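Rule-based calculations on the coordinates, nothing more; no lab input. These figures come from a predicted structure and were not determined experimentally. Quick reminder, even Gly has a Cβ in these numbers, built from the backbone with ideal geometry, and neighbours come from all protein chains shown.
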């Protein structure tokens, strides 16, 4: 009685072995490192030459490193302490100005373990320090911009087909949309037919006015959904590029729900800079200055000093047609400037426009969106504003296309503008609706506190179990230790985020995991008290307790899963460790302890049990 | 400890009226406090900014308060956080600018008084997030309760399910009431703890219910009250053992886990104590009050008993 077949022992041993192996990477810690990667939108590779430069520079500066690893995407140099890392960082940043150089913590997992896929747990921001942003994409502005694009397209379409319209504009009130008015129903009907044919994503409503005929155009539900989706995706892409420019290692950029994006930047402390770059919605437009007689096709803009200037409604090129940009110093004036390279479409239009307009002035308009939510009478109210500013007006000296230079900026403006133009414009402005910054010292403190709690909690439970259940208590303690090892291995393999509440979850599972063994051992005691034989008591104890343990754990699991569904960041970490801990404890506390007890006591004649 | 099957050491159920009265008083106090003074919600729920700064020597709160109040932050609440070196500053919803974030402005102000001030933590929660979290948190609690109601109703009997949920509402209410009464901050981690308390307390309740169900079949001749008393007594060893280990671990967490999870471990500790008590009294007493008797379990049990005689082989 109470004997496991060989395969069960082997299974338990195998699980313990494999889990110990994958839990192992966590004890090696991390090396301070410097990571070098190519900047966005530049044709650069990380090759032997880059490695040689970096190594030579470090040698020059008398800085020693532990190891250098190179992949296609980055070069990683490891150092023995953070001071060396900091020195190396400034040396390399200067030596390789065109690359993104970032400080990093690289896991010091030995090669053979890494070859097996072993890696340490992924630490949450509350443990490693860094910034967490939750950004809300302003979909209303995204849709408004789409409508403006459509207005532009419709204007040229009507002009092309010689359909005279009285006016075309966005409807501000109500559900939005575009309104086109015509002098009579004939032109209107033709226009309606044309729009119907060309745009299947617009819903057309006819309005018969007193002396005019109007068409009200709105996006279909499907088109609206697609537009929102696109806006979110484009914003995520843009954010990725920008984060890349900031030189952050291991950033997390994910969508959350329909209109939100989570950005996590481990190790970043300068939140002001991060916010400025991430949230910036600046873009450029190039327009010709209007001639005096063209009042209809022009609009008034403001210069930086506040004086007005009339610019043509037609845009020559916009920010999203910029392929590359860099900050520079203007050769002639010695002032800061931004060099811009347009893509093919933009270059073609620029060339055509400048060829026809040599000697005439052209303006660069700097556009920025602001969005803010405030509490007014306990209700959140969102305000949106768009500022347009003419940063410079210059005379077109000669025709140009792809490459040109923009002046009229301060040095930091030129830098930021170049970065923003390179990384691409945001489709819609975003608002930071949640921010959490954890300093690096606090992160380390949290790790220490968490580890201390786990260790002390462990010792307490072990002593208690030993006191009450003697040898069997020892077996339960062994199972508890295995439970933690398996839990750590699973967290490492899944690369689930470990947070401070997550560590608290491990501590809590320590307390709750022994419950299964308490139930089993109490039942065994009870059976012995009822006069059952020791072997029989073990058997009955395990069998009877199982149903109870299963029911009890499953209900706790329901609560943990709900917690996961609702929680954010740190709370999710708690839910993960709690649910995984419950599941693994079922294995260790029941099968694990049974295995050990069967191995030592199974099949023997026992007078009494050490329980 | 040899227990005769028909004997029991403690007459738990006999004192259930006293327990119910005690629980009623505790719940009334909790409800009263919740209505009268409500909860001190953390910024997770209210929105606003929280800045934690570290000083190299013990910090003078008065001076910090004065600096902030005189420089455009009249609503700043300043307090020590954990140690006398760390200071927590809470602000309401303020105008935020991209170029010069609130946290930098605060840090600059404080650095005028002491060069060595370091930023430890900044949390900003927008007003739209807060109200959403309140809603989502409330829903999470309700969904959890419904999920449990269904599972326990399915596995046991609906009177057990109602008893279990009554115990859970009792526990949740008292833990939340405790936070309200003492004016402790109720934030996201405390809410997580409350949900974990639901899980734990239920775990406890299920274990007791399981034994009650088993004994109703075994001890057919005994009146319901006796069956419950016997069951609770039989499980007493386990209940005490598990509660004490969990409580000990939580005390460790409370003392050594750091200030950030103080509220969390506090709520859990309280929840474990209340949860243990409620699974003995509230859950069982509710099931009893609803008229649970062996007749309710017998027919259902006959089919189930066959299956459960040979459970999973481990």
Taking r as the C-beta separation of residue A:53 and residue B:18 and R0 as 56 Å, the FRET efficiency to the nearest 0.05 is 0.10
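Run the numbers on chain A and let me know its relative contact order in percent, using alpha-carbon pairs under 8 Å that are six or more apart.
Rounded, it is 17 percent for chain A.
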Report the residue, chosen from B:275, B:116, B:126, that carries the largest GNM mean-square fluctuation when chain B is represented by alpha-carbon nodes joined by springs under 10 Å.
-> B:116
Helix A:185-198 versus the longest principal axis of chain A: what is the Cα-based angle in degrees, 0 to 90, to the nearest 10?
-> 40
Measure off 7 Å from each Cα along the Cα-to-Cβ vector at residue B:66 and residue A:8, then give the distance between these two points in nanometres to one decimal.
-> 7.4
What FRET efficiency comes out for the pair residue A:441/residue B:139, r = Cβ-Cβ distance, R0 = 51 Å, nearest 0.05?
-> 0.85
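Give me B:106, A:438 sorted ascending by neighbouring Cβ count inside 10 Å, so fewest comes first. Intermediate results must be reported in sequence, preceding the final value.
Details: B:106 25, A:438 28.
The most exposed by this proxy come first: B:106, A:438.
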For the range B:125-139 and the range A:523-587, distance of Cα centres in Å | 33
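What's the extension gain from residue A:410 to residue A:318 if we count 0.36 nm per residue and subtract their Cα-Cα distance?
Working: separation 92, 0.36 × 92 = 33.12 nm, distance 2.11 nm.
Stretched fully, the residue A:410-residue A:318 segment lengthens by 31.0 nm.
Length gain on complete extension for the stretch residue A:116 to residue A:21, per 0.36 nm per residue less the alpha carbon to alpha carbon distance?
Numbers: separation 95, 0.36 × 95 = 34.20 nm, distance 0.93 nm.
Length gained between residue A:116 and residue A:21: 33.3 nm.
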Selected from B:229, B:71, B:215 as most flexible by GNM, with chain B as the system and alpha-carbon contacts under 10 Å = B:71
What relative contact order, as a whole-number percentage, does chain B give when Cα pairs under 8 Å and 6 or more residues apart are counted?
-> 24
Efficiency by 1/(1 + (r/R0)^6): what FRET value for residue A:254 and residue B:11, r their Cβ-Cβ distance, R0 = 51 Å, to the nearest 0.05?
-> 0.35
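Within a 10 angstrom radius of the beta carbon, how do A:146, B:114, A:111 rank from fewest other beta carbons to most?
A:111, B:114, A:146
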With Cα atoms, 0 to 90° folded angle of helix A:500-529 axis to chain A main axis = 30
Go ahead and set up a Gaussian network model of chain B, Cα springs under 10 Å, then flag whichever of B:23, B:231, B:56 fluctuates most.
-> B:56
Angle between chain A longest axis and helix A:6-23 axis [Cα atoms, degrees, rounded to 10] | 40
In which sequence would A:81, B:75 go, from the one with the fewest C-beta neighbours within 10 Å to the one with the most?
-> A:81, B:75
Placing each pseudo-label 7 Å from Cα in the direction of the beta carbon, residue A:385 and residue A:72 end up separated by a distance in nanometres of 4.7
Per-residue average of other protein chain Cβ atoms inside 10 Å, peptide A:499-507 -> 5
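If contacts are Cα pairs under 8 angstrom and at least 6 residues apart, what is the relative contact order of the range A:319-430 in percent? Before the final figure, lay out the partial values.
Details: 206 pairs, mean separation 44.1, N = 112.
Reported as a whole number, the value is 39 percent.
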Order the peptides A:507-520, A:276-289, B:132-145, A:572-585 from the highest to the lowest mean number of other Cβ atoms within 10 Å of their residues.
-> A:507-520, A:572-585, A:276-289, B:132-145
Modelled label-to-label distance, residue A:160 and residue A:399, 7 Å Cα→beta-carbon offset: nm?
-> 2.3
